[in-house]
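**Student:** Okay, here's the structure, questions in a sec.
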């Protein structure tokens with residue numbers, strides 16, 4: 001009896017069973033996020049410190065837990081959370097704690113320098129350096145730092161993934177959590193926020209929710225089309241995709257629609273499959289047969305939202321022409337809006353275009369630094385797609401590439417790179433590409449080693465005949 005009880009206790013603290021750990025961590029993190037007015041401020045700070053330490057310890061012991069937790073809370077629950085001068089979203093704080101814990105764990109294990117290695121490190125450092133250069137001549141340092149922290153979520157999420165995920169099974173768990181969390185938030189949004197344009201509990205703005213779905217839908221479609229799963233699992237993925245597509249349509253977000261269409265079209269071009277053609281046919285049919293969508297696509301081009309974007313695009317181009325090499329400084333477009341005589345600019349100070357933001361605030365240096373990063377990432381994806389044979393890894397790799405294509409396409413009409421409620425998933429998609437590459441290289445080494453051992457067993461030694 002005593003031995004059995006000891007075995008139960010040891011199994012409870014088995015860190016390989018992350019499924020038991022996730023609910024505990026999520027409950028603790030959700031508890032800290034509930035900013036109840038009845039709690040004394042000093043008590044609240046104490047709770048924050050205790051929960052942060054518990055989270056740090058848990059992620060330090062098993063770094064991949066940080067990835068799982070971010071996938072859940074960034075999708076379902078992420079309010080603004082103020083600590084001192086910092087005013088960040090809840091998942092930004094979690095990412096910060098998770099990265100610090102993962103880095104510390106790597107140093108203690110002695111494998112930090114191994115796991116941090118990546119062919120994308122140099123392109124990422126070049127892009128970060130261009131942002132810091134832009135920050136150096138920002139007209140307002142507070143706005144500049146805020147913009148840098150917003151896009152910093154992307155970088156932190158990338159390094160969190162490559163520091164934490166090491167196996168195919170961990171990628172599977174992340175995938176399951178992401179699809180379940182997204183499906184759940186779609187159901188809740190349809191049930192609770194079903195009137196008017198659809199937003200979510202976290203992404204209340206319909207365009208923001210739409211652009212999040214534009215990241216998850218191509219990823220899920222790739223899993224359904226290219227992944228080899230049991231019929232029951234295929235059916236669940238199909239139901240999730242249908243639910244996400246319904247939610248996407250009801251957001252009436254044209255930028256998100258455009259991103260999804262471009263990504264599915266790219267999947268068709270690179271790897272033609274009947275389901276992809278049927279999906280494109282369904283999307284095109286929906287545009288012409290569903291009257292609200294048809295109106296949104298063809299007749300609402302002159303609505304105020306579109307006109308505001310055109311006005312701000314012209315202002316951004318003018319700012320780029322004033323300083324084409326270095327731009328006007330990080331965060332400058334938002335900061336200078338308050339001094340504008342144009343109401344469309346002053347009242348709507350966000351520039352909804354990734355590429356105009358880069359050109360206007362960072363000039364050609366920042367734009368080409370970002371282009372360098374995307375080209376290197378694209379070359380890596382194409383290289384791996386030609387060589388990977390495992391159906392699951394192939395589907396995951398294709399899905400990550402499609403998600404990035406989708407958000408880059410939507411970035412013509414939204415600032416998806418600088419939006420911290422979405423760009424964490426961009427960073428994680430980039431990180432998973434690196435993890436897939438590592439797993440592929442490890443399989444080559446293992447196959448080569450096995451081949452050498454087999455050859456040695458077949459011919460242990462030879463005697464030369466005279």
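**Student:** Using only alpha-carbon positions, what ratio does the radius of gyration of segment 370-438 give when scaled by 2.2 N^0.38 Å?
**Tutor:** Relative to the rule-of-thumb radius for its length, segment 370-438 sits at 1.11.
**Student:** Quick check: pseudo-label points 7 Å beyond the Cα along Cα→Cβ at residue 129 and residue 277, how many nm apart are they?
**Tutor:** Going by the 7 Å Cα→Cβ label model, 4.8 nm.
**Student:** If neighbour count is taken as other Cβ atoms inside 10 Å, put 414, 441 in order from fewest to most.
**Tutor:** 441, 414
**Student:** Within 10 Å of each residue's Cβ, count the other Cβ atoms and sort 341, 143 from fewest upward.
**Tutor:** Least to most surrounded, the residues fall as 341, 143.
**Student:** Take 334, 113 and order them by how many other Cβ atoms sit within 10 Å, fewest up front.
**Tutor:** Lowest count first: 113, 334.
**Student:** Same structure again: How much space per residue, in cubic angstrom, does the convex hull of the C-alpha atoms of segment 218-340 take up?
**Tutor:** 170 Å³
**Student:** For a label point 7 angstrom out from the Cα of residue 379 toward its Cβ, which stretches of segment 88-127 have the backbone nitrogen within less than 19 Å?
**Tutor:** 117-127, by backbone N distance to the label point.
**Student:** How much length is gained on full extension from residue 448 to residue 389, taking 0.36 nm per residue of separation minus their Cα-Cα distance?
**Tutor:** 19.6 nm
**Student:** Sticking with the crude label model, points 7 Å out along Cα→Cβ, report the distance from residue 339 to residue 204 in nm, one decimal please.
**Tutor:** With each label point 7 Å from Cα toward Cβ, the separation is 3.1 nm.
**Student:** If packing is taken as the average number of other Cβ atoms within 10 Å across a peptide's residues, how do 151-162, 116-127 rank, most packed first?
**Tutor:** Those peptides, ordered most packed to least, come out 151-162, 116-127.
**Student:** Still on this structure: Please compute one quarter of the surface area of the Cα convex hull for segment 118-442 and express it in square nanometres.
**Tutor:** The orientation-averaged projected area of the Cα hull of segment 118-442 comes to 16.5 nm².
**Student:** Follow-up question, since we're still on this one. For a paramagnetic label modelled at 7 Å from the Cα of residue 142 toward its Cβ, which residues of segment 345-365 fall within the zone defined by backbone nitrogen distances under 19 Å?
**Tutor:** 346-350
**Student:** Fully extended, how many nm does the chain gain between residue 104 and residue 318 (0.36 nm per residue separation, minus their Cα-Cα distance)?
**Tutor:** That works out to 72.5 nm of additional length.
**Student:** What ranking do 395-403, 53-61 get when scored by the average of other Cβ atoms within 10 Å per residue, highest first?
**Tutor:** For the peptides 395-403, 53-61, the packing ranking is 395-403, 53-61.
Coordinate-derived values only; no laboratory data. All of these numbers come straight from a predicted model, not from anything done at the bench. Using ideal geometry, Cβ is built from the backbone for each residue, glycine included, and neighbour counts are taken over all protein chains shown.
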